[in-house]
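Coordinate-derived values only; no laboratory data. Here the structure is a predicted model, which is why all the values come from computation and not from measurement. Cβ sites come from the backbone with ideal geometry, for glycine too, and all protein chains shown count toward neighbours.
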Amino acid sequence: MEKVYELENIYKTYKNEGKEFTALKDVSLSVNEGEIFGIIGMSGAGKSTLVRTLNRLEDVTKGSVKFYGQDLAALKPRELRNVRHSISMIFQSFNLLNQRTVIENVEQPLRIAKKPKKERRDTAREMLKVVGLEEKENVYPSRLSGGQRQRVAIARALASEPKVLLCDEATSALDPKITGEILDLLKAINKERKLTIIIITHEMSVVEKICDRVAIIDDGKLAEIGPVADVFSRPSSKAAKKLVFPSNPFDPSDPEGRLIRLVFDGLKASEPFIADLVEKTGKKVNILSANTRSVGGIGYGQMILELPKDKDDQETVISFFRERGLSVTEVEHE
């Protein structure tokens, strides 16, 4: 599988008034051609800085960013411009030109590339059809809804026939229903056009719905990376667990009570584990919280349980779950 991006030990340090701030610290990752790759982290984690290194809007302080094997830092200005034609970007704020019509906005990258007028118009109409807005070509952006404006931005990004689409918090300004529609559109474009898509977000629901793999960024570092299903069902880093697992809102019945987190995947989500536990061992647990989600159409879930007081009973319960292939981890009182 061809690598679109290869990032090796990259650092990004900003200097301001004699002070230094390192936004990225020794990040290494790769993105495969044709996949939807998510980069997620809390606000200030460094994910937006990371995406800006992918088209060299930010130069890295140390390390290398390779695009199809080319080190972006080694490219001359003309070479860099050519590479950037292969990398399109959409943003939270849409960045449309309000004084131009929808179709003129979609034509903009082709106008910059000095494409003939007829070619620009034909391509723009084709892209508007892809995003379902062909009837809006002569409307101005101010007359469109937020979801429609983001569709125009996507059409404009596709007009230059990029190899990669970078989406920087592209659905953050949209309501959940419209977000779902935009993500469905991106997924369809990825499938039909084999377009590599990189999504930068702070929303777990976005990653769950659309991404194949995900990288979790925490305090400028790569905390965890892997297939979405693996990271969400078995997060190993503290940052991943904080993003994936909601906090437990309930206190145990006993201040000294021992809590465990039970994680199950879609192959086991429908099995009555708690009922089976009681029936086969006679041991009871207190369910403090539980939630489920769909990742790629497969159900995943987790429960926080309070174990019985007796230590032998606790080990019986833990062994029962682990023997059935469930992930069992200790939970600190929150």
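Using alpha-carbon positions, what is the distance between the centroids of segment 126-144 and segment 1-31, in Å? A separation of 37 Å, based on Cα centres. The long axis of helix 117-130 is offset from the longest Cα principal axis of the chain by roughly 20 degrees.
Could you order the peptides 81-94, 312-325 from most to least packed, using the average number of other C-beta atoms within 10 Å per residue? Intermediate values should be presented prior to the final figure.
On the way: 81-94: 17.6, 312-325: 14.4.
Peptide ranking by packing, descending: 81-94, 312-325.
Between K129 and E33, the modelled labels are 2.7 nm apart [label points 7 Å from Cα along Cα→Cβ]. Determine which lysines satisfy two conditions relative to K309: a Cα distance under 17 Å, and not lying fewer than 8 residues away in the same chain. Hits, sequence-local ones excluded: K283, K284. Secondary-structure-derived ellipticity at 222 nm for the chain, considering helices only, amounts to -10000 deg cm²/dmol, per-run term -39500 (n - 2.57) for DSSP H runs with n ≥ 4. Listed by chain and number, the aspartates and glutamates whose C-alpha is less than 14 Å from the C-alpha of K191, apart from same-chain residues fewer than 8 away, are E33, E35, D212.
In nm, what is the difference between 0.36 nm times the number of residues separating L97 and S289 and their Cα-Cα distance?
64.4 nm
Under 5 Å from the amide H of S327 lie the amide H atoms of V263, each residue being 5 or more positions distant or on a separate chain, with H modelled from the backbone and absent for Pro and chain starts. Amide H contacts under 5 Å for Y5: V31, Y68, restricted to partners 5 or more places along the chain or on a different chain, H placed in the peptide plane at 1.01 Å from N.
Nearest 5 percent is fine: what portion of the DSSP beta bridges confined to the chain is antiparallel? Each step should come with its number before you reach the end.
Numbers: 43 of 62 bridges.
Beta bridges within the chain, antiparallel portion: roughly 70 percent.
Within the set [x] -0.48, -0.90; [y] -0.32, -0.74; [z] -0.38, -0.88, the number that log10 I(q)/I(0) by the Debye sum over Cα atoms at q = 0.08, 0.12 Å⁻¹ takes when calculated for this structure is listed as [x]. Between the helical axis of 311-323 and the longest alpha-carbon principal axis of the chain there is an angle of about 40 degrees. In terms of the mean number of neighbouring beta-carbon atoms within 10 Å, the peptides 278-287, 143-152, 254-263 order highest first as 143-152, 254-263, 278-287.
Would you list which aspartates and glutamates come within 20 Å of K280, measuring only between C-alpha atoms, while excluding same-chain residues fewer than 8 positions from it? Correct list for K280: E271, E306, D310, D312, D313, E315, E323. Each of L97, G69, I112 was placed along the dipole of segment 37-146 (beta-carbon charges, centred on the mean Cα), and the one lying farthest toward the positive end is I112.
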